[in-house]
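Contents: one structure, followed by commentary.
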């Protein structure tokens, strides 16, 4: 297999992700020790509250920020148990998007600029009794990655962190392996690329753009379109503001403003043809699905089980609160939440500076079962918070 750097040498968009930025190692966290020193007092995590939303619309191979709910979708009314949908429909015509783009992460920052009072700590003034306290800001994926780390002994990850005005901004950064896999997957007729499309196609079939109407037949799938909500939550003593895609909302669920009770998640998975397939699903995919839903306040999900040809054989509903019970003995909700709390403590302890321009790189190496923290010498634009964001916040 060719190396990541050799496969991306002709395209600087991807080549820049292959380097190992220079820096000084500051600290290391043993996942094994954290895992073995489990406590009885699991940190409290209540349901997060929605404080805003925005849309991502595909713009060529990149994404465009839209301040509104233009990409919002709704759960279809009738859900057949055995639909036999062909998820290949429209595959040849769909415009692909660059999943390695940094634009989605920056879109949350654009929302924050428009909603500073809701998201970040502001300076107090006379007559202001209380200010908003936020410890962390980032995409939902940042917290999900940390939650799943105790049970992941195969997948490395990288995350950058900067502190600005008391708030630590997190962003998951692609690894060399992920860039290489992405480029391989984009080759013509690649199965990995096709299965990605199947998941998006299932999402579109399950969720029309208007409530209580049938999905549009033959809708052109635009991979990059997504509706994202911004949530405020807290685990233990850590407060955070995160964004994440909401696949659909259920119009039949009546809920108060700020509630996530109507959120619905979708997944696709290969039908089980052996017990080992079911166990693998429970051990890995269900864990990832649960973490994503749990941290995002999503109460339920629908999984389309398809065959190797992309035909949906049946649909199964999952109650997110019961997912850990289905995987009992394979992974534990308490362990995930405790480790998330410990990891956030580790990050807060070692991220210094408050100007937003001092950048730390946190790296997880599964072979060592360890998270290392490195202070970058010259992070550059690739790893730093954008100047336009810092100037906007500092000018407030």
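Computed from the coordinates by the stated procedures, all read-outs in this text should not be read as laboratory data. Computed from a predicted structure; not experimentally measured. Neighbour counts run over all protein chains shown; Cβ positions are idealised from the backbone, glycine included.
Laid out as a table, the results:
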read-out	value
Length gained when the stretch residue 165-residue 271 is fully extended (0.36 nm per residue, less Cα-Cα span)	33.3 nm
Estimated FRET transfer efficiency (residue 370, residue 117; beta-carbon r; R0 35 Å; 0.05)	0.35
On Cα atoms only, tilt of 103-114 relative to the major axis of the chain in degrees	60
Gaussian network model of the chain, Cα within-10 Å springs - most flexible of 301, 166, 60	60
Tail weight of P(r) past 26 Å, computed on alpha-carbon pairs of the range 144-286, percent	44
Peptides 283-294, 342-353 ordered by average Cβ neighbours within 10 Å, highest first	283-294, 342-353
For the chain: relative contact order, % (alpha-carbon pairs under 8 angstrom, 6 or more apart)	28
Extension gain from residue 349 to residue 66, taking 0.36 nm per residue of separation minus the Cα-Cα distance	98.4 nm
Cα principal axis extents for the range 254-390, largest first, Å	52, 44, 33
Cα-projected label distance for residue 237 with residue 288, points at 7 Å along beta-carbon direction, nm	3.4
Distance in nm between pseudo-label sites at residue 154 and residue 394 (7 Å out along the Cβ direction from Cα)	4.5
At R0 = 56 Å, FRET efficiency that the Cβ-Cβ distance of residue 377 and residue 212 yields, to 0.05	0.50
Linear extension gain, residue 387 paired with residue 181, 0.36 nm per residue minus alpha-carbon span	71.1 nm
Angle between the chain longest axis and helix 286-295 axis [Cα atoms, degrees, rounded to 10]	60
Virtual spin-label span in nm between residue 194 and residue 319, 7 Å along Cα→Cβ	3.8
Which of 36, 55 has the fewest Cβ neighbours within 10 Å, and the rest in rising order	36, 55
In degrees, nearest ten, helix 333-350 long axis to first principal axis of the chain (Cα)	30
